[in-house]
Every structure is written in structure tokens, then in C-alpha cells.
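Written below as C-alpha cells is the structure these notes are about.
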Amino acid sequence: MNASDKGSTLIPLWGKRSLHRLPFIVLTDLFRSRHLLRLLIKRDLNARYRRAYLGYTWAVLEPLLLAVVYTFIFTILVGSSDPLYPVKIIIGIIGWTMFARSLTTSTKSLSSSINLFQFARVPKTVFATSGTLTNAVLAVISLTCLIPFYFIHDLPITANLLMLPVWLLLLSFTGWGIGLLLAPLACKIPDILNLINFLVRAGFFLSPVMWTYDMFNSRFGDGWHAIVAHLNPTVVPITGMRDVVLGESSAIPGYGYAMCLTIALLGYVFGAMVFERKAHRAVVNV
Amino acid sequence: MTVVMRLEDVTLEYPVPRQYRKEDIQPSGVRNISLEVNQGEVLGIIGRNGSGKSTLLKMMAGVFPPDSGTISARGSVSLLAGVGVGFHKELTGCENAYLYGALMGRTTEQIDGLIEEIQSFAELDHHFDRPIRTYSSGMKSRLGISVATAFRPDLLLIDEVLGVGDASFRKKSEDRVKQLIQDSGAVVIVSH
């Protein structure tokens, strides 16, 4: 509580909140705590690269260097002849990193700040969100490494490019929602964090980072494999990012978009409900 | 007399660790506490280690939710405990003061008005603009106490936190807390 709560009546510290309203309450709480949110994002951005000589350049260099390694593996060792392959890999890495970091930072948000939550009444969703938004800022900075490829490959500059941040935000939103769902459990059972670390490593290969949607389609076709593949919430957004940058159009079926949006929305709705109901008690029991 | 905080039949129990569940061990915590804190009162809570004093204080501060019962408050509540928790080693003393203030629910404008006082009380001089990874533990504690005691709440909750720094800083902190107690609407102090 702070001075702004000052009033003439006694106010319950833990007012009852109906379950179905929790997803909206999380958003209004975040808006109300935007000052703290801004400070935490600034802290995370400052702290991450403050001691590095190259500073924020690392946000651009990281996906670029990884793309060099994967391009080497695929063009030299595997024999891929696609000249746009490095661009596809960079987009895949940026998209996947966005999702994976959102998922891990929000899952760890309670356990990593447990000392603070045991001494201060702070809105816990702010901590789960600040890490996600910090990574979103870094991902947008990372996108600048695509600029040289526009000149090298004469890539089209169209209004569709406006969809690039939308796809990135969808990846971020999905990771954040699932992270909210898992955070109270990860606070109680540390094994969840190990499991998430494993899933993120495995997910890198199961998501379209090194492979593309077209590669998958030409190999497996439209059967049940495709339905299972669309359960991975990164498949459609990463493919969408590639399409808007390269000016292509992958044949993503309507159900693919529907599944992707449903998973993102359900992840957030259930994540917000579980987080608001369980997070406060989870930090007491540690 | 105006009531600034009311606890009604409040209970919080910590779960018994899994390895002890087969034994007949009663869970620790606090049970069925009812009390009122009035405007202008200084309430002392004493008890042995593990008797639940800090747990009660954390519930009063809204940090821990009770299993049952209700806790109501009027105005701002501030808990003076765990001073310095939330500091980030890569940020400067000044940046950490703003962050710590925000964690206590204060706005940038409110901290702006007190930042010089915070710097001068912490006696950090030019170190205030350096990352706190370069600070000694005493310097970190001085900064923490300086920020934590800079604001005047309607209800101040104190959990024995002032044994830090050298003798002169301890004396200075004690004087500051005494002043804070005088200025705050009501105070609850926990001690052995």
C-alpha cells in the first residue's frame, strides 16, 4: 500500500476478486504499476550490457553470430543452396529467443525475486512482465541486423513489414502467458525450472529456427503431422515473420492461425487466473 | 479513536515439510489473531524466536496473505524489514534509491523531493553515483536504511532492523527511527 491508498475507511488488504475477472485485473494492475514496470525494464536493460564494451551492440551481434554458425552448418556441411537461408535463420533465432526468454523469465519471476516478495508488498505480475518486455525491447533492437540483407538481396519493403512487431509480440505474449501459469508451481517445485530449461533446448530444434515451414510441408504434407506441428505456438508467428520480411506467402492453413491464437489466449487467461490465485501464497510456503 | 488497522481472527500456517508429515507435528504460524491499532498508538509485540512475530508483521504489511480472517487498513502501511532487498548490484546507489522507493510504492516525483536527503543521510558522498557492487556491506545497509526511513507512512511496522553500520551510524539511525515513530500515524514494533 502507498500514500495514494489513503482514505477515510478501512480497506481490506486482500479483497475478494472473482476468477473470471482476473485476466482483466492483471492488465489494470500492470497499468497502475507502470512506473515500477518502467524502472524494472530500465534496470534490466542497463544491468544486462552495462559492463560490456560493446553494450547494446550485443543484442544485434548475438543472432548475427549464431546465424553465421548455423548457415555454415547447413550450407557447407548439409549442402543447402538457398541464398536467403541466413536471413531465414536470423528471423528464426530472433523469434524463438523472444518466445523462450519470455517463457523462462516469467516462469522464474517468483522464485528469482523470492527475497523481495517476502519483505515487500509489490505487484508480482510486474516482475513477471518486466523481464518479458525487456526481451521484447532487445528483440526489436536485434531486428536491425536484418537491414544489410535488404541491400544485399534487394528484399521488398512493403506495408506488410508492420506485421513484424505484431508477430514478435504474439510470441512474447504466448511465452508470458504460459510462464504466468507455471510460475507459482515453479516456486513450489524447483524441478519445473529444470524441465523448462530442457524444453527450451529441445524446442529450439522442434521449432522453425533451422528449418522452415516449406521444408516441413514438403517432407510431411498436410496430414496429422501438420496438426501436431501447429500445436507448437511458435510455428505460425516465426513463419509469418519470415513471410513479411522476404515478401513470400507460406501456405499456412486457417486452422493454423486459429490454433496459434487460441493457445496464446488460453495461455494468458489461465495463466492470469492461476498466477493471481496462487502466487501470493506460493512465496509464503518457500 | 480512529482505527488504522484491524485484524479479525487471522490465521496463517506454514506447511509441514514433506519429510515430517508422518510425524504428529503441528504446523507453525499464527492462529486466530484479532487486534486493532489506533491512530497515535505505538504497539509492541514481543515473543521468542519462531513464535510468529515477523509472520504477523508481514501479514499486517500485506506481504503474506492470511489463510483465513480479514486484515483491513486505512492509509499507507510501510514495513521496515529486509532493508536493501531488491537492490541491483549493477545499478548506482542513486538508481537503486529510485528503484527501492518505487518498490515501496513511491512515485518518481516523491523520490525526487527526497533524493538529496537520502544521499546525505546515507553518507555515501561520490559513491552514490557508483554501482553498488563496489559498496561494502555497511554502505549498502546505510543506503537501504536511508531510503526505507525517508517516507512517512500512516502505519509504520518495524522488525528489528537497525543493528547495522558503525556506532555513530547506529545512533543516527536510532534517532531517525524515533523521529519516524513520532511523525507516523501509528507504529507496531516487533522484538525479542
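The values are calculated or read from the model by the stated rules, or taken from the named source; none is laboratory data. Quick caveat: nothing in here was measured; it's all calculated off a predicted structure. Using ideal geometry, Cβ is built from the backbone for each residue, glycine included, and neighbour counts are taken over all protein chains shown. Ligands, DNA and RNA are excluded from the accessible area calculation, which covers all protein heavy atoms including side chains. Shrake-Rupley method; radii C 1.70, N 1.55, O 1.52, S 1.80 Å.
Sort out for me the Cα centre separation of the range B:44-92 from the range A:247-277, rounded to whole Å. What the calculation gives is 39 Å, centre to centre. In this structure B:Arg130 has an accessible area near 110 Å², from a 1.4 Å probe over the protein heavy atoms.
For chain A, the spread of Cα coordinates along the three principal axes comes to 71, 48, 38 Å, biggest extent given first. For the range B:1-147, the equivalent ellipsoid derived from the Cα gyration tensor has semi-axes of 35, 22, 12 Å, listed largest first. Counting heavy atoms of the protein chains alone, A:Tyr56 has an accessible area of about 90 Å² for a 1.4 Å probe.
Counting Cβ atoms of other protein chains within 10 Å of each residue's Cβ and taking the mean over peptide A:196-206 gives 0. When all protein chains stay in place and ligands, DNA and RNA are ignored, the 1.4 Å accessible-area order of A:Ile93, A:Ile41, largest first, is A:Ile41, A:Ile93.
Run the numbers on the range A:19-285 and let me know its relative contact order in percent, using alpha-carbon pairs under 8 Å that are six or more apart. Across the range A:19-285, relative contact order equals 28 percent.
Chain A contacts chain B over a buried accessible area of about 3500 Å², both sides summed; the probe is 1.4 Å and only protein chains count. Relative to its residue count, the range A:23-180 spans a Cα convex hull of 145 Å³ per residue. Around A:Thr212, with a cut-off of 15 angstrom between Cβ atoms, what is the net charge of the other residues, counting Lys and Arg +1 and Asp and Glu -1? Around A:Thr212, the charge tally is -1.
Computed from the Cα positions only, the extents of the protein assembly as shown along the three principal axes stand at 79, 54, 44 Å, in decreasing order. Helix A:235-246 and the longest principal axis of the C-alpha atoms of chain A enclose an angle of approximately 50°.
Given q = 0.15, 0.20 Å⁻¹, what are the Debye log10 I(q)/I(0) values for the range B:42-121, with equal point scatterers placed on the Cα positions and solvent ignored? Here the Debye-derived log intensity ratios amount to -0.72, -1.02. In this structure A:Val274 has an accessible area near 50 Å², from a 1.4 Å probe over the protein heavy atoms.
With respect to chain A, whose longest principal axis is taken over its alpha-carbon atoms, helix A:254-285 is tilted by about 30°.
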